[in-house]
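Down below is the structure, laid out as structure tokens.
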Amino acid sequence: RYRYYQNACTQSYSYTWWDWARWEREIDWMALSGINLAPAFAGQEAAWQRVYRSLGLNQSEIDSYFTGPAFLAWNRMGNLRGWAGPLPPAWHLKQLYLQYRIVERMRSLGMITVLPAFAGHVPRGVLRVFPRVNATRLGGWSHFDCTFSCTYLLDPEDPMFQVIGTLFLKELIKDFGTDHVYSADTFNEMTPLSSDPAYLSRVSNAVFRSMEGADPEALWLMQGWLFQHQPDFWQPAQVRALLHGVPLGRMIVLDLFAESKPVYQWTESFYGQPFIWCMLHNFGGNHGLFGTVEAINHGPFAARRFPNSTMVGTGVVPEGIEQNDMVYELMNELGWSQEPLDLPGWVTRYAERRYGAPNAAAGSAWRLLLRSVYNCTGVCVNHNRSPLVRRPSLRMDTELWYNASDVYEAWRLLLSAGAELGSSPTFRYDLVDVTRQAAQQLVSDFYLSIRRAFQSQALPELLAAGGVLVYDLLPELDSLLSSHNLFLLGRWLESARAVATSDREAEQYELNARNQVTLWGPSGNILDYANKQLGGLVLDYYGVRWSLFVSALVESLNSGSPFHQDQFNQAVFQVERGFVYNKKRYPAVPAGDTLEISRKLFLKYYP
């Protein structure tokens, strides 16, 4: 019945700075891909602000609650408050304008829009206005302390729960109409106050009743991430209680990470509640070739055959988009299939469709990529852990789930197709992406040489490997990325500035954009979680870190004093923070010829 798209996090990792033209392209792509169920989450803070004001909160209480634009996804799920905020009045106006157009466009193409609902999290100001309200302070989220975390959760049995939940939803429905599907995540990566099944049933029942109070036909769409994220807490009894707090069939659960950690298998198909088999695939919008093609080619069909299966659809739910197009094309196509596809045959036709012409070398390149980077098996979690995009240390992970030589060979084959396919924009994008992957592998090789040289106290070898990495490979990779507009740091930063209506807003939005892809928090709380490989970022952020690391190792050998990671971390944090605040403007238009730069890298570095 359903082909679902979008993750709560994508709103922040990918869509934050979008204008209507970019939204329209996305919605059209959704229609072309057969997506018929998706969130419409823009502009909800404007509705919340109206609700909070009507309850008696003052503006400063609201301002200290909302995060900045790049972190709203986690504010909405009760993980964060206040960080990189507040939201300027113009932000609300622009987001409302977008939301009107988004829901209109989606519905005109026959899609069901999912609206946000009240999950129980409230600003502290609610406790001032209603001192007798029963609310509990949750713990810190991820690596954040209570400065920007520890939000308040309203007790489900407090009468204010229904008042606030119904008020908010009525406000939204009045503005945007409804397709009767609502999203709320009360315990996303947050441990509930009690594991008592009766308590958990009361929470889900309260959330659902507040939806029903505004719309008697309400259906609750819930992310099933919590069950596999905290399996020790969510034992079968707890899962069943939460799910059965809602009448059967009035909830749809997203089995969010089904390609690696399916939940339906150990919950008797969500104890009778309908679910959607989702491919998560990507975390943080990281670059890096990756896929679990065998798992997605067989998983949805196994889920349909499962005893008493309640599966009602397939979904793609990446945290960030604009990477690994092939995997999403494959998953969207599987939503229409009766049985698994012949993958080598499929990917050969994919290359032909993508480049607009058959080409033997390109077909061979894609079959190599299919069997290597795109064929991760077992429990695969796609966080790019390459030393390239991580804070340097002597204990870095260089493990690969595939044969590196397959990527080098695919790179050679794609380059050889350049004369025939070079005018295709999709070919140029893929050439950058595969060259980037090869360069990422080479960074690991140089890192291992640097580490070996340091550990065997071989200064000349350390200087040679470190010198090539810092002064040649990373600058070459940066110039490759700078030759394509989808790999530009400037595109991300300038799109943030373009939303602003004043210089002050432009500065705030740019800091939001820079912080998210680097420190992710005031002090590197979720450092490099949302790492990207972008022209400008490789040179001025990753490159500077590597330079500092190599210098520290050289200094240690020269002086005979040991290398201290914690001292290095303090020094490198200044570099990382310096990048966030350096105010340098980066070009938003590409420079240089992708094919030429890739060929130059190939001639120098092909192993």
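The values are calculated or read from the model by the stated rules, or taken from the named source; none is laboratory data. No experiment lies behind these values; they were computed from the predicted model shown. Note that we place each Cβ from the backbone using ideal geometry, even for glycine, and neighbour counts take in every protein chain shown. Protein only, heavy atoms only, side chains kept; ligands, DNA and RNA dropped before computing areas. Shrake-Rupley method; radii C 1.70, N 1.55, O 1.52, S 1.80 Å.
Pairs are defined by a Cβ separation below 9 Å, a sequence spacing of at least 6 or placement on different chains, a first member in segment 173-197 that is within 23 Å of Q228 (Cβ to Cβ) and open to solvent by less than 40 Å² (accessible area, probe 1.4 Å), and a second member that is part of a loop (DSSP other than H, G, I, E, B) and hydroxyl-bearing (S, T, Y); the pairs so defined are M190/T151; P192/T186. Selection of segment 215-233 for residues being in a helix (DSSP H, G or I) and of a type in the set (S, T, N, Q) yields only Q228. If you go through segment 492-533 and keep only what is part of a loop (DSSP other than H, G, I, E, B) and open to solvent by less than 10 Å² (accessible area, probe 1.4 Å), you end up with T518, L519, W520, G521, D528, A530, N531, Q533. Residues of segment 323-378 that are modelled with pLDDT of 95 or more, part of a loop (DSSP other than H, G, I, E, B), open to solvent by 40 Å² or more (accessible area, probe 1.4 Å) and not aliphatic (A, V, I, L, M): E339, P340, D342, G356, P358.
Within segment 536-552, residues that are closer than 13 Å to A571 by Cβ and open to solvent by 10 Å² or more (accessible area, probe 1.4 Å) have Cβ atoms under 9 Å from residues that are of a type in the set (S, T, Y) and in a helix (DSSP H, G or I) in these pairs: S547/Y471, counting only partners at least 6 apart in sequence or on another chain. Any residue in segment 311-319 that is surrounded by fewer than 20 Cβ atoms within 10 Å (Cβ to Cβ), outside the structural domain of W411 (by the TED database) and either more than 23 Å from the chain's Cα centre (by Cα) or assigned to a helix (DSSP H, G or I) (or both)? Within segment 311-319, one or more residues are surrounded by fewer than 20 Cβ atoms within 10 Å (Cβ to Cβ), outside the structural domain of W411 (by the TED database) and either more than 23 Å from the chain's Cα centre (by Cα) or assigned to a helix (DSSP H, G or I) (or both). Where helices (runs of 4 or more DSSP H) fall wholly inside segment 1-91, the ranges with 3 or more residues that are of a type outside the set (S, T, N, Q) are 20-32, 44-55, 59-63, 72-76.
Put simply, of S598, S559 the only residue that is out of contact with any Phe, Trp or Tyr (no Cβ under 9 Å at 6 or more places or on another chain), assigned by the TED database to the domain that holds A410 and more than 20 Å from Y541 (Cβ to Cβ) is S559.
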